[in-house]
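Asker: Shown below is the structure under consideration.
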Amino acid sequence: MSFQTRWRITGTLTTSTPLHIGSGTTTNVHEKLRVEDEKGERGIEVTAVALDGQGKPYIPGSTLKGNLRAWLQTRIKNKSLLDSVFGCGNEEEKDKSQGEQKDQSQGGKAEFWNVLIKETFDESQHKPSYWYQERQVGVDVGVTIDRVTRTAREQRLFHREMVPPGVSFEVRITGKGLNE
């Protein structure tokens, strides 16, 4: 019986700017946010961040993996090394002799775990706008810009949840069959 070397990399990722990892949904839990217009007064839908099982923001492992791979691709030219660590995509090669499609995907040797909040945000340092303590998020307000006129586009105000600067997340990456 032989054993493979297992690696475990842990670290802390601390936001230095607001972070929005979207869940693809909206929320209206921010009751303080209301708008009054020709339709009357109503609540605002806010683009939600991805939440873990505890209802706190998190960074999916696949998001960490994809961003880390994209960053490394600009620095490491050895594609086979990157494919070995991160895996290779669903690139299909056609077997010319048989005329069949063959799936050439391969899993990587590294596993990227979901990145969870390490500790709750200390809002005494800098409380973000429209802070929502239970979800550990604030709300960022923005507007889209017309590319031609370079002015704010009408009816294009948006609201999105964001994790404020200074929030720490615990990063865990494991792998086997790797070397230094």
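Asker: Set the Förster radius R0 to 22 Å, insert the Cβ-Cβ distance between residue 118 and residue 141 as r into 1/(1 + (r/R0)^6), and round the FRET efficiency to 0.05. Present the calculation step by step, with values, prior to reporting the outcome.
Answerer: Details: r = 27 Å, r/R0 = 1.25.
Here the calculated transfer efficiency is 0.20.
Asker: Out of residues 5 or more away from residue 137 or on other chains, whose amide H comes under 5 Å of its own, with H placed 1.01 Å from N in the peptide plane?
Answerer: Long-range HN contacts for residue 137: 132.
Asker: Whenever you get a sec, line up 131, 7, 71 from highest to lowest accessible area (probe 1.4 Å, protein heavy atoms).
Answerer: Working: 131 25, 7 95, 71 130 Å².
In descending accessible area the options line up as 71, 7, 131.
Asker: Can you flag which of 39/127; 65/176; 56/176 are past 25 Å Cα-Cα?
Answerer: Values: 39/127 32 Å; 65/176 16 Å; 56/176 30 Å.
Long pairs (Cα-Cα over 25 Å): 39/127; 56/176.
Asker: Next question, about the same structure. Which FRET efficiency value, to the nearest 0.05, do you get for residue 52 and residue 74 by plugging their Cβ-Cβ distance into 1/(1 + (r/R0)^6) with R0 = 22 Å? Write out the running numbers ahead of the final one.
Answerer: Working: r = 30 Å, r/R0 = 1.36.
With a Förster radius of 22 Å, E is 0.15.
Asker: Using a 1.4 angstrom probe and counting only protein chains, how large is the accessible area of residue 129 in Å², to 10?
Answerer: Per-residue accessible area (residue 129): approximately 70 Å².
Asker: Separate question: Using a basic spin-label model with each label point 7 Å from the Cα along Cα→Cβ, how many nm lie between residue 83 and residue 23?
Answerer: 3.8
Asker: Next question, about the same structure. Please give the length that would be gained between residue 10 and residue 39 if that part of the chain were fully extended, namely 0.36 nm times their separation in residues minus their C-alpha to C-alpha distance (nm, one decimal).
Answerer: Roughly 5.4 nm would be gained on extension.
Asker: Give me the accessible area of residue 153, 1.4 Å probe, in Å² rounded to the nearest 10.
Answerer: The value for residue 153 is about 100 Å².
Asker: Sorted by accessible area with a 1.4 angstrom probe, largest first, how do 33, 178 fall?
Answerer: 178, 33
Asker: Collect residues whose amide H, placed 1.01 Å from N in the peptide plane, falls under 5 Å from the amide H of residue 26; neighbours closer than 5 in sequence don't count.
Answerer: So residue 26 has HN proximity to 48.
Asker: Still on this model: Please list, in chain and number order, the residues 5+ apart from residue 19 or on another chain whose amide H is under 5 Å from its amide H, with Hs placed from the backbone.
Answerer: 163
Asker: Right, another one. Determine ³J(HN,Hα), in whole Hz, for all residues of segment 51-66 in sequence, where each value follows from phi through the Karplus function 6.51 cos²θ - 1.76 cosθ + 1.60 and θ = phi - 60°; x replaces Gly and Pro.
Answerer: 10, 7, x, 8, x, 10, x, 8, 10, x, x, 5, 5, 4, 4, x
The values are calculated or read from the model by the stated rules, or taken from the named source; none is laboratory data. Here the structure is a predicted model, which is why all the values come from computation and not from measurement. Heads up, the Cβs are rebuilt from the backbone with ideal geometry, glycines too, and the neighbour counts pull from every protein chain shown. Keep in mind that these areas ignore ligands, DNA and RNA; they rest on the heavy atoms of the full protein, side chains included. Shrake-Rupley method; radii C 1.70, N 1.55, O 1.52, S 1.80 Å.
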